[in-house]
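Below is one structure, written out as structure tokens, with a few remarks after it.
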Amino acid sequence: MSSVLAPSTPIDIGEQSQRRRIIEAMIESCAEKTYAATTITDIVGGARISRTTFYKRFADKRDCFDATVDSCLLELQEAAATAHSPGDPPPDAVRKATVGMLELLASKPAMAQLLSGEAVSVDPAVVERYRRLLIPALEGLWDAAGEPKTSHVDPGLSFARAQLLIFNEIAAGRSDALLALLPEIVYLAVAPFAGHDEAIQQARLAEQSAPDASPSGVE
Amino acid sequence: MSSSSPEDLRKWRLPRGRHGLPRELVTRSQRERLLAAVVRVTAAKGYEATTVADILEEAGVGRESFYELFDDKRDCMLAAHAILVENLEGKVRAAYAEPGPWVDRIRDALGAALDWFAADPAAARFTLVELAAVGPVSRARFQAAFGSFVELLDEGLDDGPGPELPRATTLAVSATLARVYEEVVLGRSADLPSLLPDLTYELLVPFLGEEAARTEQRRAAAG
């Protein structure tokens, strides 16, 4: 893309970092005061950029929010992808991917709040967009293994339930306890495609790998 | 505070003109009219667009009386929300407390929740969707309500099946809320009761496994 001769690289890096800072500011402001109460002033203040710069990158607050959701989803997908290996059988792959995603969300409560809460309240279409992204990805794991499709529980509902459980923990200010939800979230991720029995088995495995949920621990 | 169902909130009216009613009763009536009004106006216009003037007009109450009873629009909304959630909880608790096998009780508790949301689409939208616009306090409100429903189901689990997951009741509440929320957002609250068989299945799978849950789904469909 960039020519060797043109001095475009440093500018790109500058733009990238500005964009990154804007997105971070949006995540923080939404966590602190909700999307509805967030103003462009909050975002440009948090990102330490000018209003003009903001409007060069984004059309408006909603455009910026959508980009923020996309950026968070990308991070989530990367966490899921690196958590499992291609050789894993589907149930194990789903469990590992779920653990990877939940660990990321537990380490970034503001991001978890945005994906599980703000995205839902701002516009149901946002959720629909990433539901369509995530569910086929999970489904694909089973298809690739040549497993027959059977009807178990509803994957769309399972997705919404997982989202609600995560939101509930974040709402309670218990992002550190998010990993204690691993058995339930893994259950919801496996059950639609492999059924209750397999889901229980994977939930048990996840429970063993889950850290002690008690608040005491490393300071 | 007496718990008033959304229907009660709507019906409460005072005779016009000089009625000679005790002041306490007038204030109570004004309060309930304002609470009913904030539900209807917010559900129709959205929280952001709703003004105190809208609420006054809908309730037929003066500005001065409003500010004697509430700090602001948000205060009024949160008061109405508390009454609605308390009312819903009462309905679910009553259904769950009926004598009978646990699977029937949890199905009937689910049915009571679906009926409640279907009976008043404005109250449903207000309780679930518009609450988020109030700000971070809505998260605490949501969490408190979620927690009390989990507790309610846990209390009545004594004669129920031993679930294979540590927090199966949390999963049950999440299934109900997630589906109801979706239907309410899409403006389909009135159809919620028809989802009873499918949701009964979703709720019971973690407790009973798929085959037994399928049997209960068929039972729920047969009425």
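Taking B:E86, is it outside any loop (DSSP other than H, G, I, E, B) and closer than 22 Å to B:S148 by Cα?
Details: outside any loop (DSSP other than H, G, I, E, B): yes; closer than 22 Å to B:S148 by Cα: yes.
Yes: the conditions hold for B:E86.
Just for helices (runs of 4 or more DSSP H) wholly inside segment B:116-213: which have at least 2 residues that are facing another protein chain (nearest Cβ under 7 Å)? Write out each step before concluding.
Working: elements: B:121-128, B:137-155, B:168-185, B:196-208.
The qualifying helices (runs of 4 or more DSSP H) are B:137-155, B:168-185, B:196-208.
Can you go through A:E147, A:E139, A:E118 and tell me which one is crowded, with 19+ Cβ neighbours inside 10 Å and either more than 17 Å from A:D70 (Cβ to Cβ) or modelled with pLDDT of 80 or more (or both)?
Working: A:E147 fails: crowded, with 19+ Cβ neighbours inside 10 Å; A:E139 fails: crowded, with 19+ Cβ neighbours inside 10 Å.
Result: A:E118 is the single residue among A:E147, A:E139, A:E118 that is crowded, with 19+ Cβ neighbours inside 10 Å and either more than 17 Å from A:D70 (Cβ to Cβ) or modelled with pLDDT of 80 or more (or both).
I'd like the full set of residues that are more than 19 Å from A:A112 (Cα to Cα) and surrounded by fewer than 21 Cβ atoms within 10 Å (Cβ to Cβ), limited to segment A:58-74. Spell out how you get there, then give the answer.
Our first condition is that a residue be more than 19 Å from A:A112 (Cα to Cα); within segment A:58-74, this holds for A:58-61, A:63.
Those that are more than 19 Å from A:A112 (Cα to Cα) and surrounded by fewer than 21 Cβ atoms within 10 Å (Cβ to Cβ): A:A59, A:D60, A:K61, A:D63.
Quick check on my filter: what residues within segment A:153-175 are at the interface with chain B (Cβ under 7 Å from one of its Cβ atoms), under 16 Å from the mean Cα position of the chain (by Cα) and among the charged types (D, E, K, R)?
Once the filter is applied, which keeps residues that are at the interface with chain B (Cβ under 7 Å from one of its Cβ atoms), under 16 Å from the mean Cα position of the chain (by Cα) and among the charged types (D, E, K, R), segment A:153-175 yields only A:R161.
Conditions: (1) buried (at least 18 other Cβ atoms within 10 Å of the Cβ); (2) in contact with a helix residue (DSSP H, G or I) (Cβ under 6 Å, 6 or more places away or on another chain); (3) over 20 Å from B:A44 (Cβ atoms). B:L69 meets all but one. Number of the miss?
The number of the failed condition is (1).
For the subset of segment A:176-188 comprising residues that are within 12 Å of another protein chain (Cβ to nearest Cβ) and among the hydrophobic types (A, V, I, L, M, F, W, C), which member is surrounded by the fewest Cβ atoms within 10 Å (Cβ to Cβ)? Working first, answer last.
Of segment A:176-188, the ones within 12 Å of another protein chain (Cβ to nearest Cβ) are A:177, A:180-188.
Those left that are additionally among the hydrophobic types (A, V, I, L, M, F, W, C): A:177, A:180-182, A:185-186, A:188.
Working: A:A177: 15, A:A180: 20, A:L181: 25, A:L182: 24, A:I185: 26, A:V186: 31, A:L188: 27.
The residue in question is A:A177.
Out of all the residues in segment B:150-172, which are charged (D, E, K, R) and within 20 Å of A:F167 (Cβ to Cβ)? Step through it out loud before you land on a result.
Kept after step one, since they are charged (D, E, K, R), are these residues of segment B:150-172: B:151, B:154-155, B:158-159, B:164, B:167.
Once the filter is applied, which keeps residues that are charged (D, E, K, R) and within 20 Å of A:F167 (Cβ to Cβ), segment B:150-172 yields B:E151, B:R167.
Being surrounded by fewer than 17 Cβ atoms within 10 Å (Cβ to Cβ), more than 16 Å from A:K108 (Cα to Cα) and modelled with pLDDT of 90 or more narrows it down to one residue among A:R161, A:R204; which is it? Break it down stepwise before answering.
Values: A:R161 fails: surrounded by fewer than 17 Cβ atoms within 10 Å (Cβ to Cβ).
After ruling out the rest, the residue left standing is A:R204.
Among the residues of segment B:74-81, is there at least one that is modelled with pLDDT under 75 and either touching a Leu at 6+ places or on another chain (Cβ under 9 Å) or surrounded by 12 or more Cβ atoms within 10 Å (Cβ to Cβ) (or both)?
Looking only at segment B:74-81, we keep the residues that are modelled with pLDDT under 75, and these are none.
No - not one qualifying residue is present in segment B:74-81.
Determine, yes or no, whether B:V103 is in contact (Cβ under 8 Å) with a residue 40 or more places away in the chain, part of a helix (DSSP H, G or I), more than 14 Å from chain A (Cβ to nearest Cβ) and in contact with a Phe, Trp or Tyr (Cβ under 9 Å, 6 or more places away or on another chain). I'd like the intermediate steps shown before the answer.
Working: in contact (Cβ under 8 Å) with a residue 40 or more places away in the chain: yes; part of a helix (DSSP H, G or I): yes; more than 14 Å from chain A (Cβ to nearest Cβ): yes; in contact with a Phe, Trp or Tyr (Cβ under 9 Å, 6 or more places away or on another chain): yes.
So B:V103 passes the test.
If you take the residues in segment A:30-46 that are touching a Phe, Trp or Tyr at 6+ places or on another chain (Cβ under 8 Å) and modelled with pLDDT of 95 or more, which one is farthest from the other protein chains (Cβ to nearest Cβ)?
Within segment A:30-46, the match that is farthest from the other protein chains (Cβ to nearest Cβ) is A:V44.
Among the residues of segment A:28-57, count how many are closer than 22 Å to B:A133 by Cβ, without any contact (Cβ under 8 Å) to a residue 40 or more places away in the chain and crowded, with 19+ Cβ neighbours inside 10 Å.
3
Which condition breaks for A:S107 when tested against (1) closer than 22 Å to A:L164 by Cβ; (2) in contact (Cβ under 8 Å) with a residue 12 or more places away in the chain; (3) among the polar types (S, T, N, Q)?
Failing condition for A:S107: (2).
The values are calculated or read from the model by the stated rules, or taken from the named source; none is laboratory data. The structure presented is a predicted model; accordingly, all values stated were derived computationally and were not measured. We place every Cβ from the backbone using ideal geometry, glycine too, and count neighbours over all the protein chains shown.
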